[in-house]
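Visitor: One structure follows; several queries about it will come next.
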Amino acid sequence: MPDTWYTTEGSGGEALNHGYEFQGVLCYVFTDFVPGTVPALQTFSSTLSTHFFTTHLSAYKAAIKSGGYKGHRVCWYMFPDSADKPRDNVVALYSWYNASTHERVWVPPENTKGVHLNGFIKEGLMGYGLKAPISDSAFEMKFLKPLYQWRRS
């Protein structure tokens with residue numbers, strides 16, 4: 001079953017042990033809470049063999065309650081769609097879902113042509129990451145990491 005996995009671990013962490021292939025760096029996110037950010041939550045369905053990542057607590061709870069997903073963890077922090085997000089150096093990440101494979105992918109707007117043509121439908125904006133690891137704060141830089149995308153076909 002196809003699945004997409006996101007991690008801030010440069011080595012890929014568990015992705016390598018489960019047949020995932022490296023797809024690239026999507027953006028930069030925070031590994032700890034920074035004021036103005038929201039958590040990205042991860043769940044996993046052993047039945048579907050797919051991961052579900054979201055920044056929306058209601059979607060996370062619904063996936064656990066009725067979707068057969070098991071609660072897992074906070075993976076990273078990113079900026080929500082709000083007036084407080086940075087204006088420069090940000091990339092929007094949208095979630096797309098394929099109902100036949102149950103796979104979800106997060107992609108920036110400029111990369112949506114491929115997912116749209118492969119049976120995915122747009123679920124919505126998940127939040128904003130940084131395009132480059134630039135910050136004025138030593139605190140923020142300590143927790144700013146690349147968000148790596150891995151995929152299993």
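The values are calculated or read from the model by the stated rules, or taken from the named source; none is laboratory data. All figures in this text were calculated on a predicted structure; none of them were measured in a lab. Heads up, the Cβs are rebuilt from the backbone with ideal geometry, glycines too, and the neighbour counts pull from every protein chain shown. Side chains included, ligands, DNA and RNA excluded: accessible areas come from the protein's heavy atoms. Shrake-Rupley method; radii C 1.70, N 1.55, O 1.52, S 1.80 Å.
Visitor: So how exposed is HIS102, as accessible area in Å² (1.4 Å probe, rounded to 10)?
Guide: Roll a 1.4 Å probe over it and HIS102 shows about 50 Å².
Visitor: Skip the ligands, DNA and RNA, and give the accessible area per residue of the range 1-139 with a 1.4 Å probe, whole Å².
Guide: On a per-residue basis, 52 Å².
Visitor: Leaving out ligands, DNA and RNA, what percent of the accessible area of the chain is carbon and sulfur, probe 1.4 Å? Intermediate values should be presented prior to the final figure.
Guide: Numbers: 4260 of 7970 Å².
Carbon and sulfur: 53 percent of the exposed surface of the chain.
Visitor: Could I ask something else about it? Per 0.36 nm of contour for each residue apart, how much would the distance between LYS142 and PHE22 grow if the chain were fully extended, relative to their Cα-Cα spacing?
Guide: 40.8 nm
Visitor: Among the lysines in the chain, how many pairs, 8 or more places apart or on different chains, have alpha carbons under 19 Å apart? Write down the numbers at each step before the final one.
Guide: Details: LYS61/LYS70; LYS85/LYS131; LYS85/LYS145; LYS113/LYS122; LYS131/LYS142; LYS131/LYS145.
For the chain, qualifying lysine pairs total 6.
Visitor: Here is a follow-up. Of SER49, SER95, SER82, which has the largest mean-square fluctuation in a 10 Å C-alpha GNM of the chain?
Guide: Result: SER82 has the largest fluctuation of those listed.
Visitor: Using a 1.4 angstrom probe and counting only protein chains, how large is the accessible area of ASP32 in Å², to 10?
Guide: Surface accessible to solvent at ASP32 totals approximately 60 Å².
Visitor: Further question: If we count every other residue with Cβ under 13 angstrom of ILE64's Cβ, Lys/Arg +1 and Asp/Glu -1, where does the sum land?
Guide: Around ILE64, the surrounding residues sum to +4.
Visitor: For the range 1-76, rounded, prolate or oblate, judged on the Cα gyration tensor with a ≥ b ≥ c (square roots of eigenvalues), a/c < 1.5 rounded, else prolate if a/b > b/c?
Guide: Oblate shape, in that a/c is at least 1.5 and b/c is the bigger or equal ratio.
Visitor: With a/c under 1.5 counting as rounded, go ahead and sort the range 57-98 into rounded, prolate or oblate using the C-alpha gyration tensor (a ≥ b ≥ c being the square roots of the eigenvalues; past the cut-off, prolate if a/b is larger than b/c, else oblate).
Guide: prolate
Visitor: A further question on this structure: Assigning unit charges at the beta carbon (Lys, Arg +1; Asp, Glu -1) and nothing else, what dipole magnitude in debye, to the nearest 20, does the chain show about its Cα centre?
Guide: That gives a dipole near 320 debye.
Visitor: For MET1, what accessible area in Å² do you get when you roll a 1.4 Å probe over the heavy atoms of the protein chains, rounding to the nearest 10?
Guide: In the full protein context, MET1 sits at about 100 Å².
Visitor: Now a separate question. Of the listed values [x] 1.05; [y] 0.94; [z] 2.13, grab the one calculated as Rg/Rh (Cα atoms, Kirkwood Rh) from the structure here.
Guide: Of the listed options [x] 1.05; [y] 0.94; [z] 2.13, [y] comes from this structure.
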